[in-house]
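Here the structure comes first, spelled out in structure tokens, and everything after it is commentary.
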Amino acid sequence: MQLTLATHVLHLPLRDPFRIARREDDRQATTVIVELEAAGLTGIGEAFPVAYYGETVATVGVVLPLLAEALGGLADPPTDAATARAWLADAATVMADTIGGHGGARAGLDIALHDLVARGLGLPLWQLLEAPATVVPTDFSIGIDEPAVVAERAARAADFPALKIKVGGAADLETLEAVRGVFAGPLRVDANTGWDQDEALRLVPELERLGVELIEQPFPARALPQLRWLQERCPIPVVADESAVTIDDLEALTGVVAGVNVKLAKCGGVGPALAMIRRARELGFRVMLGCMEETSVGIAASATLSGLVDWVDLDGNLLLARDPFEGLVMDAGRHWLPGTEPGLGLRWREDDTLS
Ligand SMILES: [Mg+2]
């Protein structure tokens with residue numbers, strides 16, 4: 001396959017500062033948009049680099065050409081859906097065999113290939129994947145800040161069916177009380193590795209009282225005995241995110257936590273995420289589908305799988321002051337609607353300038 005690759009590094013301001021327990025305020029998201037051309041077809045993808053997982057714009061810039069070169073050994077994309085699905089799985093394997101880790105870079109090419117192949121077949125991507133048309137609505141995430149500021153943002157987002165509140169800051173309980181004062185729906189909390197065992201034990205009864213639906217990643221990624229200790233004492237599901245990067249992490253998490261958070265930018269794209277969701281189901285996990293601060297390219301690709309999970313947390317593009325793409329549509333119930341256009345159904349906004 002003759003393959004042409006173009007990349008665009010975008011620095012996108014966020015609507016509100018976004019702080020999580022394991023890093024300082026984010027005021028802008030930096031992402032890499034991938035454009036592919038092969039066999040007369042084009043596709044768009046997103047490689048979102050997360051330093052915590054070992055990726056930066058510089059590593060993505062080095063890894064993408066390596067992956068593209070390896071993919072050049074594949075035949076041209078097939079022209080029937082069943083063979084195309086197998087071809088996409090082969091492409092993901094080629095990339096995983098080329099370099100370990102680098103899930104963001106691999107996702108950039110994997111998403112672009114899915115878009116390209118689905119466009120070639122004239123099918124919306126969710127249809128090519130035979131994913132359900134009935135999807136779970138997304139929650140909305142709010143970063144760590146003063147309790148009154150978090151509550152004000154929660155009030156603004158009160159039409160979402162659930163809110164995900166980042167914790168692991170100085171005033172978690174006060175923050176959740178303030179949010180509860182303005183929002184009656186399910187609250188999910190995400191400590192991004194920021195709690196210790198004493199803190200968790202102190203907070204659990206309060207979280208139960210406040211009707212918290214799940215606790216995401218209270219302890220560091222490798223602290224599996226501590227995660228198990230908490231889940232044994234806590235009726236609220238504990239969900240692994242930083243501990244659940246790829247499908248290979250799942251086995252060790254069985255009997256440790258109730259759920260896992262699958263993200264395309266961690267595991268390497270649509271194909272690896274689909275495989276990870278299926279394996280997680282086999283192992284009895286409840287599943288969240290999450291995201292980074294991606295544009296609607298990463299979010300639309302993720303959203304194709306949002307009928308396959310229990311909890312959807314696909315709001316990265318909503319955190320941006322301005323999404324450079326259009327075509328992804330959300331209904332009033334906060335479902336990302338399965339598209340009708342081929343592929344991801346996205347295009348650059350007309351007035352957008354590439355950087
Ligand atoms: Mg998380």
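Could you please find all residues in the stretch 229-254 being within 13 Å of the ligand (Cβ to nearest atom) and either at pLDDT below 95 or of a type outside the set (Gly, Ala, Ser) (or both)?
Within the stretch 229-254, Val238, Val239, Asp241, Glu242, Val245 qualify.
Evaluate the stretch 213-228: report whether one residue or more is buried (at least 18 other Cβ atoms within 10 Å of the Cβ) and away from the ligand (no atom under 16 Å from the Cβ).
Within the stretch 213-228, one or more residues are buried (at least 18 other Cβ atoms within 10 Å of the Cβ) and away from the ligand (no atom under 16 Å from the Cβ).
Going by the structure shown, is Ile20 at pLDDT 95 or above, under 23 Å from Asp315 (Cα atoms) and of a type in the set (A, V, I, L, M)?
In short, no.
Which residues, counting only those in the stretch 261-286, are on the phi < 0 side of the Ramachandran plot and within 12 Å of the chain's Cα centre (by Cα)?
Passing the criteria: Asn261, Val262, Lys263, Leu264, Ala265, Lys266, Cys267, Val270, Ala273.
Considering only residues of the stretch 147-166 that are of a type in the set (Gly, Ala, Ser) and part of a loop (DSSP other than H, G, I, E, B), which is farthest from the ligand (Cβ to nearest atom)?
Within the stretch 147-166, the match that is farthest from the ligand (Cβ to nearest atom) is Ala158.
Search the stretch 262-286 for residues being surrounded by fewer than 24 Cβ atoms within 10 Å (Cβ to Cβ) and touching an Asp or Glu at 6+ places or on another chain (Cβ under 8 Å), and hand back the single one that is farthest from Thr30 (Cα to Cα).
My answer is Leu283.
In the stretch 40-76, which residue that is of a type in the set (A, V, I, L, M, F, W, C) and closer than 24 Å to Ala131 by Cβ is surrounded by the most Cβ atoms within 10 Å (Cβ to Cβ)?
Among them, the one singled out is Ala47.
Name the residue that is surrounded by the fewest Cβ atoms within 10 Å (Cβ to Cβ), counting only residues in the stretch 136-162 that are free of Cβ contacts under 8 Å to residues at least 40 places away in the same chain and either in contact with a Gly (Cβ under 7 Å, 6 or more places away or on another chain) or within 20 Å of Glu199 (Cα to Cα) (or both).
Residue satisfying both the conditions and the ranking: Glu146.
Condition first: under 24 Å from Pro17 (Cα atoms) and surrounded by fewer than 20 Cβ atoms within 10 Å (Cβ to Cβ). Now tell me which residues in the stretch 316-333 satisfy that.
Matches in the stretch 316-333: Leu318, Ala321, Arg322, Glu326, Met330.
When you go through Arg119, Arg106 one by one, which is the residue that is buried (at least 20 other Cβ atoms within 10 Å of the Cβ) and closer than 16 Å to Glu46 by Cα?
Only one candidate qualifies: Arg106.
Scan Val270, Val257 and give me the residue that is in contact with a Ser or Thr (Cβ under 9 Å, 6 or more places away or on another chain), assigned by TED's automatic domain parsing to the domain that holds Gly307, within 14 Å of the ligand (Cβ to nearest atom) and farther than 27 Å from Val150 by Cα.
Of Val270, Val257, the one residue that is in contact with a Ser or Thr (Cβ under 9 Å, 6 or more places away or on another chain), assigned by TED's automatic domain parsing to the domain that holds Gly307, within 14 Å of the ligand (Cβ to nearest atom) and farther than 27 Å from Val150 by Cα is Val257.
Conditions first: (1) surrounded by fewer than 18 Cβ atoms within 10 Å (Cβ to Cβ); (2) modelled with pLDDT of 95 or more. Thr79 passes all but one, so which condition is the exception?
(2)
Output the residues belonging to the stretch 288-304 that are closer than 24 Å to Glu213 by Cβ and within 16 Å of the ligand (Cβ to nearest atom).
Correct list: Met288, Leu289, Gly290, Cys291, Met292, Glu293, Glu294, Ile299, Ser302.
For the stretch 193-200, does any single residue satisfy the condition of being more than 16 Å from the ligand (Cβ to nearest atom) and touching a helix residue (DSSP H, G or I) at 6+ places or on another chain (Cβ under 7 Å)?
Checked against the condition, which is being more than 16 Å from the ligand (Cβ to nearest atom) and touching a helix residue (DSSP H, G or I) at 6+ places or on another chain (Cβ under 7 Å), the stretch 193-200 yields at least one hit.
How many residues are touching a residue at least 12 places away in the same chain (Cβ under 8 Å), under 22 Å from the mean Cα position of the chain (by Cα) and part of a helix (DSSP H, G or I) if we restrict to the stretch 52-93?
Matching residues across the stretch 52-93 total 14.
The values are calculated or read from the model by the stated rules, or taken from the named source; none is laboratory data. Source: prediction; values computed, not measured. Note that we place each Cβ from the backbone using ideal geometry, even for glycine, and neighbour counts take in every protein chain shown.
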